[in-house]
Every structure is written in C-alpha cells, then in structure tokens.
1. Quick one: what pairs do we get from the stretch 27-39, first residue over 11 Å from E114 (Cα atoms), second among the basic types (K, R), C-beta under 6 Å, 6+ apart or different chains?
2. State which residue pairs qualify: first residue touching a residue at least 12 places away in the same chain (Cβ under 8 Å) and within 27 Å of R28 (Cβ to Cβ) and inside the stretch 125-142, second residue in a helix (DSSP H, G or I) and of a type in the set (F, W, Y) in any location, beta carbons under 7 Å apart, and separation of 6 or more residues or different chains.
3. Based on what the data block shows, is A71 hydrophobic (A, V, I, L, M, F, W, C), closer than 21 Å to S133 by Cα and either modelled with pLDDT of 95 or more or under 18 Å from the mean Cα position of the chain (by Cα) (or both)?
4. Can you tell me which residue in the stretch 40-66 is farthest from the chain's Cα centre (by Cα), limited to those that are within 17 Å of I112 (Cβ to Cβ) and buried (at least 18 other Cβ atoms within 10 Å of the Cβ)?
5. Pull up the stretch 16-31, narrow it to residues that are among the β-branched types (V, I, T) and assigned to a helix (DSSP H, G or I), then point me to the one that is surrounded by the fewest Cβ atoms within 10 Å (Cβ to Cβ).
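The values are calculated or read from the model by the stated rules, or taken from the named source; none is laboratory data. Source: prediction; values computed, not measured. Using ideal geometry, Cβ is built from the backbone for each residue, glycine included, and neighbour counts are taken over all protein chains shown.
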Amino acid sequence: MSGDKSNSAINGLPPISPEALESFQENRNIIIKETVSRSLKRDHEVEHHGEKAPELLTTGLEFTTKMLEAAMSMGEVVLLADELKWAQDRLPHDGVQMDHVLNRFKIYREVINETLPSGYANEITTFIDWMISYQQALMEQD
C-alpha cells in the first residue's frame, strides 16, 4: 500500500436521494451567492483578483456545483477527482492557491449545512467531505 489516499478514495459514494438533490438544486444559487460572499471576506485569498473576484469566485463555484450535482446523482466521485486534479494544475496560473480552494470548500460545506434541511445537508456534505479530504491529499503530495 502506497499510502496515497487520493487513489484509494475514488471508489465512489452512494448516490444521494432524489429529494436531497432537488433541495440542493433549488437552493444552489443561494448557496453559491453566500459562499462567494463569505469567501470575499477573506481578503488575503481574493485581493489578487481585484474587482473581478466576485465574478471569478461565482464562476468557479458554479462549475464545482455542476460537477458536484453530477457526482451526487451517480455516486461517482471520480468526476470530482478529475476536477480537483485539473484545478491543481490550472488554478495556480491564475494566482489561486490550493489552500484557498480548500477554504472555499469548507465555507461551501458550512453554507450547505445552514441552508438545507439537516437530513439533505448530511447526504450532500458526505460528498463535500470527500472533496475536502481529496483536496488535502493532493496538497500533501506537492
């Protein structure tokens, strides 16, 4: 065993219930907007984006949300793994540090817990927790 958490973690999770997915989709814009708002308060993580910070964070979270929805509906975390690997290669070219991405995932998780009914939030945060763990594993490999 190599101790590489990132490869052993791509076995998948059970798909979430249709009700939880629907609740997430109905609240997606609120979740994204609040996550962006809280992320913007972390000045040191966004100041390099200047005036485009709200737009860039929103675009990134919209993409993450689409990938998350697909992964949750199928129980396929490999979609998320591919996105996180891509982000690790691409985002540093835009001045985005991986610990900033990790912090945004944690904020995203917090907002989901505050926005959705607890049962649905618990189903969804299983996937967010996976993303956080995977992101941490990728960062440890660097």
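1. Listed pairs, sorted by first residue: S39/R104.
2. I128/F105; I128/Y108; M131/F105; I132/F105; Q135/F105
3. yes
4. L57
5. I30
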